[in-house]
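Here's the structure, in structure tokens; my notes come after.
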Amino acid sequence: MDAYSLPSEALQRRAHELIPGGCHTYAKGDDQFPEQAPPFVAHGRGCHVWDLEGREFIEYGMGLRAVTLGHAFSPVVEAAIQQLSRGNNFTRPAPIEVECADQLLALIPTAEMVKFCKDGSHAVDGALRLSRAYTGRDMIAICGDHPFFSTSDWFIGTTEMNGGIPEATRRLVVKFRYNDLASLEELFARHPEQIACVVMEAARTEEPVPGYLEAVKRTAHANGALLVFDEMITGFRWHLSGAQHEYSVTPDLSTFGKALANGFSVSALVGRREIMRLGGNDHDRERVFLLSTTHGAETHQLAAAIATMRFYRDNPVVETLYARGARLRQGLERAVKENSLVGYIDLMGRDCNLLFGTRDASKQPSQIFRTLFMQEMIKRGVIAPSFVVSYSHSEQDIDTTIAVAAQSLKIYRQALDMGADKYLNSHPVKPVFRRYA
Ligand SMILES: Cc1ncc(COP(=O)(O)O)c(C=O)c1O
């Protein structure tokens, strides 16, 4: 089968016959997008993508926020290709493993050692295993307001979609609320000397209230637990040295992925030597099996990471993400006002990581209106499950998006007044984490 020469609809049917859910990542699935969305992206360049029929779109949130520089970004692609020609996986480590470690640790000055892996989930899993080994405890406290930490049992067991995960695993994870120190203190009081670590994003859509992150760290340490920041999203976006630098709070361990290699599969666990070294051999404590896989340090992916980090260092990438996001936010806010939609469309998060929420006529969060808005944007050439920009979104792309959003919001307003069913030509999108299809 040459998948690229089939019509989208035929390929979509085949995909559902061959792959549970029709694709390999839930967040890219058909249930996440209106029916007008292109079922497949055939290729991309910068922030533009083309479907199998040759239709062109501006895309947001590219590669689940991993592609921060742009699709097919030549400095990164060329570095990967060059490295591939030397071979990508040997019986002994490649020098590039050390070079990449050196580069990343230079960017995250508070971290002393690093271990690379493929997915963000594995990096966070590694942080948990190390924390448990270091503290001799089993329980984990996670921030319940942050939506995703890992595909592994310990986290998926806490979601609605917890089929196949033993109750015993689920009991080991407890949740606290963001910006609510008392809720964390309460967990430590309820489970004394049992919690190995506190896992959270330093921030998501809500900024930390002054002193909150420092207090979380103090509370964790006072109770003998470690602090883990998941920087999968904030890393290479809030600041080149991570949210830990932006907020001046150094966690014991932190995890990076996504933007680290512009969409290539590289993630990293970094942290204090005293803890990280348990994964090595220069100590007399019990050894910890830390992030060791067949494909873990493929050389071309590390070359992509090095090229990505170099580009970030030599160019104002983070500044551009903020600037483009700010321009987009201002334009969207204008369009929302012009269409009398204040209170119906929420724009959330930092400019470099702009998300939106949709509300129905009674101002309740609405998947139907989310679908309608996405439907109208897609009809006009913009795929926007979020408004998360990349370095490749030009001012012109942003202005086109604002114009498209203004037209789409006109329909949104009419649908609020006349009923969404008159305008919606799709099944409503659904949350990933739900118990039944
Ligand atoms: C904050 C956060 N942590 C961890 C992960 C897991 O990363 P991956 O999908 O690369 O395993 C994600 C993925 O979306 C994430 O957003």
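The values are calculated or read from the model by the stated rules, or taken from the named source; none is laboratory data. Owing to the predicted nature of the structure, the values given are computational and were not obtained by experimental measurement. Every residue, glycine among them, receives a Cβ derived from its backbone with ideal geometry; neighbour counts consider all protein chains shown. These accessible areas exclude ligands, DNA and RNA; they are computed on the full protein's heavy atoms, side chains included. Shrake-Rupley method; radii C 1.70, N 1.55, O 1.52, S 1.80 Å.
What the table shows:
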{"read-out": "Residue within segment 218-227 that is within 16 Å of the ligand (Cβ to nearest atom), touching a residue at least 60 places away in the same chain (Cβ under 8 Å), on the phi < 0 side of the Ramachandran plot and in contact with a Cys (Cβ under 8 Å, 6 or more places away or on another chain) present", "value": "no"}
{"read-out": "Ala94 closer than 18 Å to Ala304 by Cβ, in contact (Cβ under 8 Å) with a residue 60 or more places away in the chain and either in contact with a Cys (Cβ under 9 Å, 6 or more places away or on another chain) or more than 16 Å from the ligand (Cβ to nearest atom) (or both)", "value": "yes"}
{"read-out": "Every residue from segment 103-142 that is among the charged types (D, E, K, R), away from the ligand (no atom under 16 Å from the Cβ) and touching a Ser or Thr at 6+ places or on another chain (Cβ under 9 Å)", "value": "Arg137"}
{"read-out": "Hits in segment 383-401 - residues which are open to solvent by 10 Å² or more (accessible area, probe 1.4 Å) and β-branched (Val, Ile, Thr)", "value": "Ile383, Thr400"}
{"read-out": "Top-ranked residue in segment 12-38 [being part of a loop (DSSP other than H, G, I, E, B) and farther than 24 Å from Gly381 by Cβ; ranked as most open to solvent (accessible area, probe 1.4 Å)]", "value": "His24"}
{"read-out": "Hey, Pro95 at pLDDT below 95 and surrounded by fewer than 20 Cβ atoms within 10 Å (Cβ to Cβ) or not", "value": "no"}
{"read-out": "Verdict on Ile165 being hydrophobic (A, V, I, L, M, F, W, C), more than 19 Å from the chain's Cα centre (by Cα) and either buried (at least 19 other Cβ atoms within 10 Å of the Cβ) or in a loop (DSSP other than H, G, I, E, B) (or both)", "value": "yes"}
{"read-out": "Filter pass, Arg324 being farther than 30 Å from Glu97 by Cβ, of a type in the set (Lys, Arg) and buried (at least 21 other Cβ atoms within 10 Å of the Cβ)", "value": "yes"}
{"read-out": "Looking only at segment 149-159, and only at residues there that are crowded, with 19+ Cβ neighbours inside 10 Å and without any contact (Cβ under 8 Å) to a residue 60 or more places away in the chain, the one that is nearest to the ligand (Cβ to nearest atom)", "value": "Ser150"}
{"read-out": "Contacts under 8 angstrom Cβ, first residue in segment 365-382 being over 18 Å from Trp50 (Cα atoms) and open to solvent by 10 Å² or more (accessible area, probe 1.4 Å), partner part of a helix (DSSP H, G or I) and aromatic (Phe, Trp, Tyr), 6 or more apart", "value": "Phe369/Tyr412"}
{"read-out": "Residue among Val249, Val216, Val228 that is in a strand (DSSP E or B), open to solvent by less than 10 Å² (accessible area, probe 1.4 Å) and touching a helix residue (DSSP H, G or I) at 6+ places or on another chain (Cβ under 7 Å)", "value": "Val228"}
{"read-out": "Lone unmet requirement of (1) more than 21 Å from Val317 (Cα to Cα); (2) within 16 Å of the ligand (Cβ to nearest atom) for Asn262", "value": "(1)"}
{"read-out": "Filter result for Phe155 (within 16 Å of Glu201 (Cα to Cα) and touching a strand residue (DSSP E or B) at 6+ places or on another chain (Cβ under 9 Å))", "value": "yes"}
{"read-out": "Close pairs from segment 56-69: first within 16 Å of the ligand (Cβ to nearest atom), partner part of a strand (DSSP E or B), Cβ under 6 Å, at least 6 apart", "value": "Tyr60/Phe387"}
